[in-house]
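What follows is one structure encoded as structure tokens, with my remarks underneath.
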Amino acid sequence: METQVLTPHVYWAQRHRELYLRVELSDVQNPAISITENVLHFKAQGHGAKGDNVYEFHLEFLDLVKSEPVYRLTQRQVNITVQKKVSHWWERLTKQEKRPLFLAPDFDRWLDESDAEMELRAKEEERLNKLRLESEGSPETLTSLKKGYLFMYNLVQLLGFSWIFVNLTVRFFILGKESFYDTFHTVADMMYFCQMLALVETLNAAIGVTSSPVLPTLIQFLGRNFILFIIFGTLEEMQNKAVVFFVFYSWSTIEIFRYPFYMLSCIDMDWKVLTWLRYTMWIPLYPLGCLSEAVAVIQSIPVFNESGRFSFTLPYPVKMNFRFSFFLQVYLVMLFLGLYINFRHLYKQRRRRYGQKKKKLH
């Protein structure tokens, strides 16, 4: 006896871009589903309304569709998705006006046109938001990248200033005072690198990558680089003086406490001993560093006077002489003003960190 060919119950719904068909057949295996000449062909062995039989149907669509249907089998049904070639709303599913008897609306997925448009807009907004997040990066990703960038910057600076500090310390214990006079030729290249790299610190503060105030950061950057590049870098007579050792040693000592503190902050670690050193060592070291820089400037004034370097005369009719040594005298005042600004900033930081604990104890 031949297997009877029957038509299954089919339920449909649509969106602007897709058609959804639900075929009421259970225990279906290897169905034959295809679209040719805009007609959907379905044939499968399964259990439907007429028991276990071969079920098949054919549907000619109202408008053009893509010829690659996608289907998914479940225990109770076959779900078919068909893509429309043009995104718009259809007034019915089939080309023939009379609805086939086996076909009915799928009210579980049914939407009218206005609801479907709202759903489409919501999906489009979700897609655009996803693209925007992918292009901009999620807040968590940006935070991780910022922390990684700051960690690496502080690590590089720590390694550079540690090398300078260890080099100067070892040479002092081996050579004694003799090591003072060739400090510049021994560590200047590394100091140039570290101090030029410190520009990043000022930029980070200026664009908001870090919460550091711009003015104290900029004052320290400009002040140190003026001493390094102008006072020491342009005058060979200054490069063999003992003051170079004290300037470089005070700078490197400050930084070997500051940069590891910032490194640990990037990974949310707080080592209490290091934190205390970070907020305390500047009290003696900043004045000593400033004093060393002032001595370097004072020692350079006769050299600049004798050489006339960076001094100039304005042309006729003004004919005024501008001696660089006069600027250096003004710079000495600015140097101690800068020390006051940085000292005040660091004092406020220390007070915020430890001031509350003292109040609680009383």
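The values are calculated or read from the model by the stated rules, or taken from the named source; none is laboratory data. Everything numeric here is computed off the predicted structure, so don't read it as measured data. Neighbour counts are summed over all protein chains in view; Cβ atoms, including those assigned to glycine, are modelled from backbone coordinates with ideal geometry. Keep in mind that these areas ignore ligands, DNA and RNA; they rest on the heavy atoms of the full protein, side chains included. Shrake-Rupley method; radii C 1.70, N 1.55, O 1.52, S 1.80 Å.
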* Mind putting a number on the dipole of segment 18-173 about its Cα centre? Charges go on the C-beta only, +1 for Lys and Arg and -1 for Asp and Glu, and I need it in Debye to the nearest 20. => 760
* Asked: If the chain between Ser211 and Phe107 were fully stretched, how many nm would it gain, using 0.36 nm times the residue separation less the Cα-Cα distance?
  -> 31.7 nm
* To do: Using a 1.4 Å probe and counting only protein heavy atoms, arrange Met263, Met269 so the residue with the most accessible area comes first.
  => Met269, Met263
* Net length gained if the chain between Arg72 and Tyr192 were fully extended (0.36 nm per residue, minus Cα distance) -> 36.5 nm
* Options (1) 1.28; (2) 1.41; (3) 0.97 - which one matches Rg/Rh (Cα atoms, Kirkwood Rh) as calculated here -> (2)
* Asked: For segment 196-284, what is Rg from Cα atoms divided by 2.2 N^0.38 Å, rounded to two decimals?
  -> 1.25
* Farthest toward the dipole's positive end in the chain, which of Asn321, Val10, Gly148, given Cβ charges of +1 (Lys, Arg) and -1 (Asp, Glu) about the Cα centre? -> Asn321
* Structure fact -> Of the candidates Leu277, Tyr259, Phe245, the farthest towards the positive dipole end of segment 233-297 (Lys/Arg Cβ +1, Asp/Glu Cβ -1, centred on the Cα centre) is Leu277
* Structure fact -> Rounded to the nearest 10 Å², the accessible area of Ile33 using a 1.4 Å probe with every protein chain kept is 30
* To do: For Lys98 and Glu124, compute 0.36 nm times the residue count separating them, minus their Cα-Cα distance, and round to one decimal in nm.
  => 5.9 nm
* Asked: Each residue of segment 100-117 in turn: what ³J(HN,Hα) in whole Hz from Karplus with 6.51, -1.76, 1.60 and θ = phi - 60°, glycine and Pro shown as x?
  -> x, 5, 7, 9, 8, x, 8, 5, 5, 10, 6, 9, 7, 4, 5, 5, 5, 5
* Accessible-area order (highest first, 1.4 angstrom probe) of the listed residues Lys348, Lys272 -> Lys272, Lys348
* When the chain is treated as a GNM, springs tying every alpha-carbon pair under 10 Å, which of Lys43, Lys241, Lys146 comes out with the largest mean-square fluctuation? -> Lys43
* At what distance in nm do the modelled label points of Phe310 and Leu218 sit from each other, each positioned 7 Å from its Cα along Cα→Cβ? -> 1.9
* Charge dipole (debye, nearest 20) of the chain; +1 at Cβ of Lys and Arg, -1 at Cβ of Asp and Glu -> 2200
* To do: Step through the residues of segment 45-56 one at a time and calculate ³J(HN,Hα) from phi using the Karplus curve (6.51 cos²θ - 1.76 cosθ + 1.60, θ = phi - 60°), rounding each to whole Hz and writing x for Gly and Pro.
  => 8, x, 9, x, 4, 9, x, 7, 8, 8, 10, 8
* What residues have an amide H closer than 5 Å to that of Thr94, excluding those fewer than 5 places away on the same chain, when H is modeled at 1.01 Å from N in the peptide plane? -> Leu62
* Measure nothing fancy, just the Cα-based angle from helix 243-266's long axis to the longest principal axis of the chain, in degrees from 0 to 90, nearest 10. => 20
* To do: Report the FRET efficiency, 1/(1 + (r/R0)^6), for Asn79 and Val156, where r is their Cβ-Cβ distance and R0 is 56 Å, rounded to 0.05.
  => 0.45
* **Separation of the Phe326 and Val39 label points, Cα + 7 Å toward Cβ, nm** => 10.2
* To do: Could you state the angle between the C-alpha long axis of helix 324-361 and the longest principal axis of the C-alpha atoms of the chain, as a value from 0 to 90 degrees rounded to the nearest 10?
  => 60
* Between Val54 and Lys146, what FRET efficiency follows from the Cβ-Cβ distance if R0 is 45 Å, with the result rounded to 0.05? -> 0.10
* Structure fact -> Relative to the chain, whose Cα atoms define the longest principal axis, helix 183-197 and its Cα axis are tilted in degrees, nearest 10, by 40
* Inter-site label distance for Glu236 and His47 at 7 Å from Cα along Cβ, in nm -> 10.1
* Structure fact -> Log10 I(q)/I(0) at q = 0.14 Å⁻¹ for segment 1-148, from Debye over equal alpha-carbon scatterers, is -0.74
* **For segment 89-187, average projected area of the Cα convex hull in nm²** => 13.5
* Gaussian network model of the chain, Cα within-10 Å springs - most flexible of Leu150, Leu120, Leu62 -> Leu62
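May I ask what percent, to the nearest 5, of DSSP beta bridges between residues of the chain are antiparallel?
Roughly 90 percent of the beta bridges in the chain run antiparallel, per DSSP.
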